[in-house]
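Undergrad: Sharing a structure below in structure tokens format, with a few things to ask.
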Amino acid sequence: MERLIIYNTKELDCAELYQLANDNKNFVIGERDHALTPETADETVTMIAIFVTSPITRQVLARMPRLRLIVCLSTGTDHVDLRECAVRGITVCNVPAYGAQTVAEYTMALMLALSRRLPEATTRLRGGVADHADLMGRDLAGRTLTVIGTGRIGQNVIGYARAFGMTVLGVDVYPNEAAADKLGFAYVGLHEGLQRADIISLHAPLTPDNKHLLNRRSLAALKPGTLVINTARGELIDTTALLHALHTGHLGGAALDVIEGEKYLGGTMETEVLEDGSVTQAVLREIAEHEALLKLPNVIITNHNAYNTAEARGRIVSGGMETVRAFVAGNPINVVNTAKK
């Protein structure tokens, strides 16, 4: 009998996943409202469905000897040790297309809000100041957008940007020339893309090779006043370098839906790390950097909210259910690793 456990069920309504139990008497389905950790792992489980808040490490896998399938209820899988899963014969799948339009729309919302200084205008008016003479923004039309990562989300962003009248440059280790021809953008190298951009938008998956893709050196290559948007992975940007570029005035602003150490945002983890004694200088630095960024008027930070629409949440659940059913039927879909057993 298959035993499936869904972790962090507070993230969305997982009721549809229970159709698996109704459709197949060989399923036992459980839910946990917390993340998966070595302490919360269930040794009887054969399948799990997880969000990005559940890191799958060797320590976690060692506690689940019967595990055969991991369904990531996300597009990204950088929170999973894919190599260790392959060695243990565990198949890892994702839900690749649930938020392609959703995240792209949010990216454009951030781009518009930053370009037109909406947070500053709102904060000022709430403080009783109606004067907007020094809140002049910039049109998107005529500006150059460099999109780093031209997969599903990146291509949707490009389509929206072109509709706004923007010139678009694409940066990708695997260029899609057919998409470039269809959408009307040109591929360039990273350095050229950084130098020519008025706005940078990140849509690349996190890999060992591109951590801190935007660092002190690459940020220095940007034109003064460039805006940076990140709805991909926080670790693509060196936060310390970002703060330096903002404080020196070289960078025009940043809109971040993801950030290094994002689990500490809003104080949600501060008490916990202090109570269990695991606080480190690195954690304290990340918390301090968050606070410093939040004080800047030209910075927007949201807490991994780009995917968060009713429609996208529904696609996550239905995609997860489809993935489980396909695996049980012997025809796995959306597989991101190759099991060695």
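The values are calculated or read from the model by the stated rules, or taken from the named source; none is laboratory data. All of these numbers come straight from a predicted model, not from anything done at the bench. Just the protein is used for accessible areas: all its heavy atoms, side chains included, with ligands, DNA and RNA removed. Shrake-Rupley method; radii C 1.70, N 1.55, O 1.52, S 1.80 Å.
Undergrad: How much area per residue is accessible in the chain when the probe is 1.4 Å and only protein heavy atoms are counted (Å²)? Each step should come with its number before you reach the end.
TA: On the way: 16580 Å² over 341 residues.
The answer is 49 Å² per residue.
Undergrad: Using θ = phi - 60° and the Karplus form 6.51 cos²θ - 1.76 cosθ + 1.60, what ³J(HN,Hα) does each residue of the range 44-53 get, whole Hz, x for Gly and Pro?
TA: My calculation for the range 44-53 gives 8, 6, 10, 9, 9, 10, 9, 9, 5, 7 Hz in order.
Undergrad: For the chain, which whole-number percentage of the solvent-accessible area (1.4 Å probe, protein heavy atoms only) is attributable to carbon and sulfur atoms?
TA: Working: 8460 of 16580 Å².
Answer for the chain: carbon and sulfur cover 51 percent of the accessible area.
Undergrad: Residue by residue through the range 301-316, which ³J(HN,Hα) values in whole Hz follow from phi under the Karplus form 6.51 cos²θ - 1.76 cosθ + 1.60 (θ = phi - 60°), with glycine and proline marked x?
TA: Per residue, the Karplus-derived 3J(HN,Hα) values read 10, 10, 9, 6, 9, 4, 7, 7, 10, 4, 5, 5, 4, x, 5, 4 Hz.
Undergrad: If you don't mind, there's one more thing I want to ask. Just the accessible area for residue 223, please: 1.4 Å probe, Å², rounded to the nearest 10?
TA: Its accessible surface works out to 80 Å², give or take rounding.
Undergrad: Right, another one. Non-local amide H neighbours of residue 132 (under 5 Å, H modeled in plane, Pro and chain starts lacking H): which ones?
TA: Those lying under 5 Å, H to H, from residue 132: there are none.
Undergrad: Send over the Kirkwood Rh of the chain, from the inverse of the averaged 1/r over different Cα pairs, rounded to one decimal Å. Don't skip to the end; give the middle numbers.
TA: On the way: mean 1/r = 0.0464 Å⁻¹.
Averaging 1/r across every pair of different Cα atoms and inverting gives 21.6 Å.
Undergrad: Between the range 317-338 and the range 183-254, what's the alpha-carbon centroid distance in Å?
TA: So the two Cα centres are separated by 35 Å.
Undergrad: For a 27 Å ceiling on Cα separation, which of these pairs sit above it: 211/263; 10/211; 182/211; 182/263? Intermediate results must be reported in sequence, preceding the final value.
TA: On the way: 211/263 18 Å; 10/211 30 Å; 182/211 30 Å; 182/263 39 Å.
Too far apart for the 27 Å limit: 10/211; 182/211; 182/263.
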